Amino acid sequence: RHNWEKLKPLQLGRYAEYFVMMEFTLFNFDVYKPEVDNKGIDFIIRKGHYKYYDVQVKSIRGLNYIFFPKDKFQLRENLLAAIVLFFEGKPPKLYLIPSVEWQEPNSLLTNKYYEGKKSKPEWGLNISAKNLPLLEKYTFDDIIKAL
């Protein structure tokens, strides 16, 4: 059932997006998908009349590095990064990181400038065996309770 290697990257990314939207739905959030994804926002969630968040979903197989271009992922209180990790033969693992957490970078949450280089500045997420304990504080079930 959890044979992720059979999926192409686009299929895995789409699966992750819908998986995250359904998890928010289970916690009684309204989910809105924009018609065009040109601002780096995959969907918007709302709880009640006044509380809403923009959500950017990233997914990876195993341990790896994920990044968010700074021009599309501007740190603010109502922006969340939903991270889905796929390990072969296991259900997906879901994490939710408030973007403002990158204001204090560490070995997990990185801030890269690339001054004078081709790459654009980015916020990074260094998902390694060493950093998995740091990632655990962002499990979806724990963070969703605070929203």
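The values are calculated or read from the model by the stated rules, or taken from the named source; none is laboratory data. A quick note: this is a predicted structure, and the numbers were derived from the prediction, not measured. Here the Cβ is made from the backbone with ideal geometry for all residues, glycine too, and neighbour counts use every protein chain on show. Protein only, heavy atoms only, side chains kept; ligands, DNA and RNA dropped before computing areas. Shrake-Rupley method; radii C 1.70, N 1.55, O 1.52, S 1.80 Å.
Structure notes:
- Straight Cα distances below 15 angstrom link Lys33 to the aspartates and glutamates Glu17, Glu23, Asp42, Asp54, with same-chain residues fewer than 8 positions distant left out.
- Cα-projected label distance for Glu104 with Gln74, points at 7 Å along beta-carbon direction, nm: 2.5 nm
- Pairs spanning more than 22 Å between alpha-carbon atoms, out of Lys39/Lys93; Lys8/Lys72; Lys39/Lys130; Lys70/Lys145; Lys6/Lys58; Lys8/Lys120: Lys39/Lys93; Lys8/Lys72; Lys39/Lys130; Lys70/Lys145; Lys8/Lys120.
- Chymotrypsin sites (Phe, Trp or Tyr not before Pro) within segment 84-144: DSSP coil, no more than 14 neighbouring Cβ in 10 Å: Phe87, Tyr113, Tyr114
- Dipole axis of segment 32-147 (+1 Lys, Arg; -1 Asp, Glu on Cβ), positive-most option in Pro98, Val36, Val55: Val36
- Surface composition of the chain: carbon and sulfur atoms hold 53% of the protein heavy-atom accessible area at a 1.4 Å probe.
- Overall form of the chain per C-alpha gyration tensor (a/c, 1.5; a/b vs b/c): rounded
- Of the chymotrypsin sites (Phe, Trp or Tyr not before Pro) found in segment 29-63, the ones in coil according to DSSP and having at most 15 other Cβ atoms within 10 Å of their Cβ are Tyr50.
- Extents of segment 78-147, largest first, come to 41, 30, 18 Å (Cα atoms, principal axes, whole angstrom).
- 10 Å Cβ shell holding at most 15 others, DSSP loop, trypsin sites (Lys or Arg not before Pro): longest site-free stretch of the chain: 77-116
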